[in-house]
Amino acid sequence: MTSFQITLTPNRRAAARFIGQVRRSLQKAYVEEQKKQGLSQSDIARALKVHRSVINRELRGLKDVTIGRVAELAWAMGRKPLFSVEEPQAFACANFPVAATSAQVMLSSINTMNLTTTSQSFADLPQMLSLASAA
């Protein structure tokens, strides 16, 4: 039987998530400005000298936007775009590998309980972690 499973490489997944966050931020800013000062897609289109349908497609995610275009849309809405590159945070049940950081979390949990691995056997580790998560 043919499989139609789509696989994403970690770099493409990261890119897709970032693009989604940018789009949601633009949409949220548009809705806020629409409620606050009655901003319309036509107003944005006039400021950027494009047709309203272009703005509609960009805000709905039907058209790719460049970084420059994100800045132009933000400017037209009276907003300032911000960007930062931060270290990833590890969360339980996340869709990315957290092996190194989960070890750090375990050590952190043990340290906050004032326990050391030399005084406790590794067999007791699951119990120690459950106590740490309950604290």
Helices (runs of 4 or more DSSP H) enclosed by the range 33-135 - at least 3 residues per element that are at pLDDT below 90, of a type in the set (D, E, K, R) and surrounded by 11 or more Cβ atoms within 10 Å (Cβ to Cβ): none
Unmet requirement for ARG23, which otherwise passes all of (1) touching a Gly at 6+ places or on another chain (Cβ under 6 Å); (2) among the charged types (D, E, K, R); (3) modelled with pLDDT under 90: (3)
Extreme residue, surrounded by the most Cβ atoms within 10 Å (Cβ to Cβ), among residues of the range 1-32 that are aromatic (Phe, Trp, Tyr) and part of a helix (DSSP H, G or I): TYR30
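The values are calculated or read from the model by the stated rules, or taken from the named source; none is laboratory data. Quick caveat, the model's predicted, so the values are computed rather than measured. Neighbour counts are summed over all protein chains in view; Cβ atoms, including those assigned to glycine, are modelled from backbone coordinates with ideal geometry.
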